[in-house]
Amino acid sequence: MTDSQQLDSEHIAEELQKHVLDSSQVEEFLTQLAIHASKSLSRHGAPIHCGVTLLRHRRGDMAASSGPQAAFMDELQYKYDEGPCLSAARNGEVFHAPDLALETRWPEYITEIRDTGVESIMAVPFELLGEALGALNLYAEGRDAFDEDTRTLALAYAAQASASIRLAVRITELANTAEDLKTAMASRTIIDVAVGVIMGQNRCSQDEAFSILQRASNTRNIKLREIATRVVGNVAPGPVGTHFDG
């Protein structure tokens, strides 16, 4: 491995962490990761196109790419639900296809990409420790493009990138949790206000008022918050907010 390649490898983690802090969403960070990986792993005159696959349990899958070539190659894998990047993400193993003309795995996918110009693929799983499943997808326009040095660097890159992906996913999960909590509190507030309105109108208890609201929701097949909003809207000229807004 050359000194320049080793130098790039040593600075990957620091550079990717900067991208995490500069990105507002996981999708944005993954795109920056794919572009950075392409620049870091490509050699002069032999570009490597990069894609990133992230399979999340609850929030939905994500994908990003360094450019249209990698995006197309990744999208075909998702179309057929097979290919080296999906195999790497799901199995946690490295998958290397040095010559696609001789490749017999993933038959539908390989048949589809015969004329794309890509002749070698390497997919390296990320170590996400239960946060999600993912893989770094590398595509090259030449047979045997991933020699021993490049494979070693790709493994080192994926290992260092894994920590940054975990950080980005956790930051997003915390933001989502905070937003979900705020939404839930806002719903609780409007429902409580609506219950108070019904109590005043019907001179009933809090439990009786809530039952009236709930029956109206079930009878009309409308969400409880929407019914509550209508009730409050009939007596209040403006929107009802929470004290923690802003």
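The values are calculated or read from the model by the stated rules, or taken from the named source; none is laboratory data. Bear in mind the structure is a predicted one, so any value in this text is a computation, not a measurement. Neighbour counts are summed over all protein chains in view; Cβ atoms, including those assigned to glycine, are modelled from backbone coordinates with ideal geometry.
Suppose we filter region 130-179 for residues that are over 26 Å from PRO98 (Cβ atoms), at pLDDT 70 or above and buried (at least 16 other Cβ atoms within 10 Å of the Cβ); how many remain?
Total meeting the criteria: 6.
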*asked:* Out of everything in region 115-129 that is among the hydrophobic types (A, V, I, L, M, F, W, C) and at pLDDT below 90, what residue ends up being surrounded by the most Cβ atoms within 10 Å (Cβ to Cβ)?
replied: LEU128
_Could you check region 100-118 and list, in sequence order, the residues that are in contact (Cβ under 8 Å) with a residue 12 or more places away in the chain and touching a strand residue (DSSP E or B) at 6+ places or on another chain (Cβ under 6 Å)?_
VAL118
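This table checks each residue for (1) in contact with a helix residue (DSSP H, G or I) (Cβ under 7 Å, 6 or more places away or on another chain); (2) in a helix (DSSP H, G or I).
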{"residue": "ARG105", "(1), (2)": "no, no"}
{"residue": "THR111", "(1), (2)": "no, yes"}
{"residue": "VAL124", "(1), (2)": "yes, no"}
{"residue": "LEU153", "(1), (2)": "yes, yes"}
{"residue": "ILE165", "(1), (2)": "no, yes"}
*Is there a residue in region 92-99 that is part of a helix (DSSP H, G or I) and either crowded, with 17+ Cβ neighbours inside 10 Å or in the same structural domain as PHE126 (by TED's automatic domain parsing) (or both)?*
no
*Run HIS243 past the list (1) surrounded by 11 or more Cβ atoms within 10 Å (Cβ to Cβ); (2) modelled with pLDDT under 85; (3) outside any helix (DSSP H, G or I) and report the number of the one that doesn't hold.*
(1)
*Which residues, taken from region 43-90, are of a type in the set (Gly, Ala, Ser), surrounded by 14 or more Cβ atoms within 10 Å (Cβ to Cβ) and not in a helix (DSSP H, G or I)?*
GLY51, ALA63, ALA64, SER65, SER66, GLY67, GLY83
